[in-house]
Amino acid sequence: MTREIDVVVVGAGQAGLSAAYHLRRTGFEPGRDFVVLDHAPGPGGAWQFRWPSLTYGKVHGMHSLPGMELTRADPGRPSSEVIAAYFDAYERAFALDVVRPVDVLAVREGERGRLRVETSAGVWSARALINATGTWDRPFVPRVAGQETFRGRQLHTVGYRGPEDFAGLRAVVVGGGASGTQHLLELAPYAAATAWVTRRPPVFREGPFDAEAGRAAVALVEERVRQGLAPRSVVSVTGLPLNDAIREGLRSGVLDRLPMFDRMTPEGVEWADGRSFAAEVVLWATGFRASVGHLAPLRLREPGGGIRLVGTRAAADPRVQLVGYGPSASTVGANRAGRAAVREVRRLLEGGSGLSGAAAA
């Protein structure tokens, strides 16, 4: 059976819940006018999968969802628990009726100008789609010569569970972002030895990250998606905050950065200049790619490898909004994108055959 609805929201992380909130606020009713589909087993978006040692006090810049503040959170409690509980309370407070667990398999051209959203729970026929699938499901690990010969363990941030797993081991941490530095500083006291490897020299940011700096960073990422290039993360252009933990890591030598190695061997990693580091584990904190494979049948990608956006709207298909993608892949950006996407959806539907039910009011 195919169910007809005005809007399908794919994903119930920060961006998806923000979009659902603004849909409801402007008169759309859950279940009748829109549906939120989420593949996760419970509320919390990607936060529910974060490693237990990432406490809420270590989270950089978690912004509250629209309409309901996150208050009195225990900074010592795992962020996965804090934010999952907050998202759960948010979904219930605004009766968003998220349908889960549902895997969205493909979005295709449907009948009568609609989108056909094929899922593990059936098919929805939608007039518009707000895609809020984020990146957590697409961890990125670069290919390196000899990688398959390494006898030790390799894992990505998604598989990191805490520093105890590195006790007594020689570890290489690859990645110059927030996750890489957090992992390294956390596991260094447990490991026998560590090496920090990044593709580019890290940039440390002094002073507060104010609104003007935030807008400038988002603008750099936004320019890429306007050109149809694969988006870079907002963090990649903001630099790393020079806090007390980072300063101590620099002072102690834990954050002495090495350039990217040229090859992996059975015993570790090597550089072209003859240097080597014997290792038993390599932790790839090398980021993620946008999880948009289900949109492939719509042919939205540009030759540059990304989906070109006009605001939140896919330039190749005005029925598709992308939130939590590129410049909105931060908690504050996701909030704003959710609101902007709903404005675009409303304009699209009002220009068609009208909205259903109360959404037409």
Checklist entry - Being within 18 Å of Ala15 (Cβ to Cβ), crowded, with 20+ Cβ neighbours inside 10 Å and modelled with pLDDT under 90, is that true of even one residue in the stretch 307-317? => result no
Checklist outcome for this item: Glu270 vs (1) acidic (Asp, Glu); (2) in contact with a helix residue (DSSP H, G or I) (Cβ under 7 Å, 6 or more places away or on another chain); (3) at pLDDT 95 or above: all pass except (2)
Item to check | Qualifying position, being outside the structural domain of Arg343 (by TED's automatic domain parsing) and surrounded by fewer than 20 Cβ atoms within 10 Å (Cβ to Cβ), among Gly175, Gly168, Gly113, Gly122 | outcome: Gly168
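Determine whether the stretch 303-324 contains at least one residue that is under 13 Å from the mean Cα position of the chain (by Cα) and over 19 Å from Leu70 (Cβ atoms).
For the stretch 303-324, residues under 13 Å from the mean Cα position of the chain (by Cα) and over 19 Å from Leu70 (Cβ atoms): present.
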Item to check | Residue check for Arg127: surrounded by fewer than 18 Cβ atoms within 10 Å (Cβ to Cβ) and either modelled with pLDDT under 95 or not assigned by TED's automatic domain parsing to the domain that holds Ala245 (or both) | outcome: no
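Residue-by-condition table, conditions (1) part of a strand (DSSP E or B); (2) over 18 Å from Val141 (Cα atoms); (3) under 22 Å from the mean Cα position of the chain (by Cα); (4) in the same structural domain as Gln154 (by TED's automatic domain parsing):
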residue	(1), (2), (3), (4)
Val269	yes, no, no, yes
Ala272	no, yes, no, yes
Phe277	yes, yes, no, yes
Leu295	no, yes, yes, no
Gly333	no, yes, yes, no
Arg339	no, yes, yes, no
Leu349	no, yes, no, no
Checklist outcome for this item: If we ask which residues in the stretch 201-213 are within 30 Å of Gly162 (Cα to Cα), modelled with pLDDT under 70 and surrounded by 12 or more Cβ atoms within 10 Å (Cβ to Cβ), their number turns out to be 1
Checklist entry - How many of the residues making up the stretch 308-342 are farther than 25 Å from Trp47 by Cα and in contact with a Phe, Trp or Tyr (Cβ under 9 Å, 6 or more places away or on another chain)? => result 1
Checklist entry - Listed residues Thr149, Thr198; which is over 19 Å from the mean Cα position of the chain (by Cα) and either crowded, with 19+ Cβ neighbours inside 10 Å or of a type in the set (Lys, Arg) (or both)? => result Thr198
Next on the checklist: Criterion first (under 22 Å from Val342 (Cα atoms) and in contact with a His (Cβ under 8 Å, 6 or more places away or on another chain)) does Val104 satisfy it?
Outcome noted: yes
Checklist outcome for this item: Going through the stretch 251-277 in order, the residues found to be under 15 Å from Thr181 (Cα atoms) and among the small types (Gly, Ala, Ser) are Ser252, Gly253
Next on the checklist: I need a count of the residues in the stretch 18-61 that are in contact (Cβ under 8 Å) with a residue 40 or more places away in the chain, among the polar types (S, T, N, Q) and either surrounded by fewer than 21 Cβ atoms within 10 Å (Cβ to Cβ) or more than 18 Å from Gly134 (Cα to Cα) (or both).
Outcome noted: 2
Next on the checklist: I'm told Ile5 meets every condition in (1) crowded, with 22+ Cβ neighbours inside 10 Å; (2) not in a loop (DSSP other than H, G, I, E, B) except one. Can you identify the failing condition by its number?
Outcome noted: (1)
Next on the checklist: So if I check each of Val281, Val221, Val225, Val237, which one is within 27 Å of Arg161 (Cβ to Cβ) and either modelled with pLDDT under 95 or not small (Gly, Ala, Ser) (or both)?
Outcome noted: Val281
Checklist outcome for this item: Checked pairs for the stretch 334-361, first surrounded by fewer than 20 Cβ atoms within 10 Å (Cβ to Cβ), second at pLDDT below 80 and part of a helix (DSSP H, G or I), C-beta under 6 Å and 6 or more apart or across chains, list as Gly354/Ala360
Item to check | Among the candidates Arg92, Arg72, residue that is surrounded by fewer than 14 Cβ atoms within 10 Å (Cβ to Cβ), out of contact with any strand residue (DSSP E or B) (no Cβ under 7 Å at 6 or more places or on another chain) and assigned to a helix (DSSP H, G or I) | outcome: Arg92
Checklist entry - If the Cβ limit is 9 Å and pairs must be 6+ apart or interchain, which residue in the stretch 165-181 that is more than 18 Å from Pro259 (Cα to Cα) pairs with which residue that is part of a loop (DSSP other than H, G, I, E, B) and of a type in the set (Ser, Thr, Tyr)? => result Asp165/Tyr190; Phe166/Tyr190; Ala167/Tyr190; Gly168/Tyr190; Leu169/Tyr190
Item to check | Within the stretch 134-164, tally of residues that are assigned to a loop (DSSP other than H, G, I, E, B) and either farther than 30 Å from Tyr325 by Cα or touching a residue at least 12 places away in the same chain (Cβ under 8 Å) (or both) | outcome: 16
Item to check | Long-range neighbours under 9 Å by Cβ, at least six apart or interchain, first residue more than 14 Å from Glu4 (Cα to Cα) within the stretch 95-115, second assigned to a loop (DSSP other than H, G, I, E, B) and of a type in the set (Val, Ile, Thr) | outcome: Val104/Thr133
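The values are calculated or read from the model by the stated rules, or taken from the named source; none is laboratory data. In this text the structure is predicted, and so the values were computed from the model without any measurement. Note: ideal-geometry Cβ built from the backbone for every residue, glycine included; neighbour counts use all protein chains shown.
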